[in-house]
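Okay, so here's the structure we're looking at.
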Ligand SMILES: *[C@@H]1O[C@H](CO)[C@@H](O)[C@H](O)[C@H]1NC(C)=O
Ligand SMILES: *[C@@H]1O[C@H](CO)[C@@H](O)[C@H](O)[C@H]1NC(C)=O
Ligand SMILES: *[C@@H]1O[C@H](CO)[C@@H](O)[C@H](O)[C@H]1NC(C)=O
């Protein structure tokens, strides 16, 4: 088309078309540069080392030059927070903060100096939230400190927050197995200081929901029941509930759909599932978790779509629904009989779901779905607002969790 048009005798048009053509060639070369960069990025991601960095972002140590030995710098009261290190069975050193509940701290006659001596009385006094943060940054990150403040004052609980291996001032480098070990070490520390399992509410945010689910499964395996498990802005595995979803929704910095172009290539799905080593499959942990679970997600979460929490809730619900026996699909047409059977199964599931699941709309806030089966309550809270990072700070959500797990 361009060439044909060039036979046009008008000089001006020619110049314009020339520029257009040059521009087009330049555009094409930019596209190839981008394609090469993209291919390079994807190739890098096939190395567990780089994948790890992208999944955990543990090299992003925000706030910059954080002084984790002085929680006061980040707004917590003087000597209310014990900064210390846990040692894991494989000898990693894990940085941790233990924040005393506000009422207990305020009841002390003066600012304590030997904080270690107040850990046991505080654990005896009130329940404790064992908090597992998401990827990137440290336990001193602003929004995280805001969470400890809210929980220690609004709920009047103690908070133990750790930085996994490879994060902040902890040693080592992150892996699914390693983070799970760190979580169990933190749990054991609470028990060894006199907390009962039922005094501890496990709470994870984002990547921390994967850690919480793995810990919950380990505890379930040995017949231990924490007060509950709270999964906020959950991703079902890292990254995400199915490889198809990885391809569709893995966003870099919340903007660039990184993997989407890959989805167009044949065989890419299998390749990515084979290559991903950092999984945190919270759906697979479901059958092993015996404690009650609360899952919450904001509808305006742009990092991890709220559908991840639907998938997770469904995984908890599934064993209690009539089976959906899908006939082998192939290059054939289902018979009327097969269709009728399938439809009947779906109707039965829908009816059972309706009798099992309690649905409550909360005006201007969101909704709550909940069911109880075999001594386990599973709750799904969807909020209209909160986004990814600020969901834990939604007071309405905090109130629901507090009530659900009787933190009075
Ligand atoms: C554990 O690590 C520390 C350094 O972090 C080292 O000094 C110590 O020897 C190690 N212990 C064992 C048993 O490996
Ligand atoms: C806080 O604790 C330290 C010892 O860990 C002590 O030296 C300091 O005086 C305490 N701060 C206040 C304000 O009492
Ligand atoms: C769940 O339990 C089964 C055995 O009951 C075990 O094989 C599996 O490894 C457990 N999964 C997790 C995530 O702990």
| request: Name the one entry in 231, 215 that is touching a helix residue (DSSP H, G or I) at 6+ places or on another chain (Cβ under 6 Å), within 25 Å of residue 396 (Cα to Cα), at pLDDT 90 or above and crowded, with 20+ Cβ neighbours inside 10 Å. | output: 231
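To keep it simple, each residue is scored yes or no on (1) closer than 30 Å to residue 383 by Cβ; (2) in contact with a helix residue (DSSP H, G or I) (Cβ under 8 Å, 6 or more places away or on another chain); (3) outside the structural domain of residue 375 (by TED's automatic domain parsing).
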{"residue": "299", "(1), (2), (3)": "yes, no, no"}
{"residue": "316", "(1), (2), (3)": "yes, yes, no"}
{"residue": "325", "(1), (2), (3)": "no, yes, no"}
{"residue": "335", "(1), (2), (3)": "no, no, no"}
{"residue": "348", "(1), (2), (3)": "no, no, no"}
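Could you tell me whether any residue of the stretch 140-149 is more than 30 Å from residue 64 (Cβ to Cβ), away from ligand 1 (no atom under 16 Å from the Cβ) and surrounded by fewer than 24 Cβ atoms within 10 Å (Cβ to Cβ)? I'd like the intermediate steps shown before the answer.
Our first condition is that a residue be more than 30 Å from residue 64 (Cβ to Cβ); within the stretch 140-149, this holds for none.
Within the stretch 140-149, none of the residues are more than 30 Å from residue 64 (Cβ to Cβ), away from ligand 1 (no atom under 16 Å from the Cβ) and surrounded by fewer than 24 Cβ atoms within 10 Å (Cβ to Cβ).
Kindly state which strands (runs of 3 or more DSSP E) lie completely within the stretch 342-402 and contain at least 3 residues that are free of Cβ contacts under 8 Å to residues at least 40 places away in the same chain, over 25 Å from the mean Cα position of the chain (by Cα) and on the phi > 0 side of the Ramachandran plot. Working first, answer last.
Values: elements: 358-362, 366-373, 376-383.
Correct list: empty, since no element meets the threshold.
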| query | Among (1) within 15 Å of ligand 2 (Cβ to nearest atom); (2) surrounded by fewer than 14 Cβ atoms within 10 Å (Cβ to Cβ); (3) within 25 Å of the chain's Cα centre (by Cα), where does residue 87 come up short? | reply | (1)
| Matching residues in the stretch 90-132 - criterion: being in a loop (DSSP other than H, G, I, E, B) and within 16 Å of ligand 2 (Cβ to nearest atom) | 100, 108, 109, 110, 111, 112, 113, 114, 115
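Is it the case that the stretch 109-120 has a residue that's buried (at least 18 other Cβ atoms within 10 Å of the Cβ), closer than 16 Å to residue 81 by Cβ and under 22 Å from the mean Cα position of the chain (by Cα)? Talk me through it step by step, then tell me what you get.
If we filter the stretch 109-120 for residues that are buried (at least 18 other Cβ atoms within 10 Å of the Cβ), which is where we start, we get 118-119.
From the residues that got through so far, the ones that are closer than 16 Å to residue 81 by Cβ too are 118-119.
With under 22 Å from the mean Cα position of the chain (by Cα) added as a condition, the list becomes none.
Checked the stretch 109-120: no residue is buried (at least 18 other Cβ atoms within 10 Å of the Cβ), closer than 16 Å to residue 81 by Cβ and under 22 Å from the mean Cα position of the chain (by Cα).
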| Quick check: anything in the stretch 173-180 crowded, with 24+ Cβ neighbours inside 10 Å and touching a residue at least 24 places away in the same chain (Cβ under 8 Å)? | yes
| field | Criterion violated by residue 177 - all others in (1) touching a helix residue (DSSP H, G or I) at 6+ places or on another chain (Cβ under 7 Å); (2) within 16 Å of ligand 3 (Cβ to nearest atom) satisfied | value | (1)
| request: Scan the stretch 81-100 and report the pairs whose first residue is within 15 Å of residue 168 (Cβ to Cβ) and whose second residue is part of a strand (DSSP E or B) and within 16 Å of ligand 3 (Cβ to nearest atom), with Cβ atoms within less than 9 Å and a gap of 6+ or a chain change. | output: none
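The values are calculated or read from the model by the stated rules, or taken from the named source; none is laboratory data. These numbers were taken from a predicted model, which means no experiment stands behind them. Cβ sites come from the backbone with ideal geometry, for glycine too, and all protein chains shown count toward neighbours.
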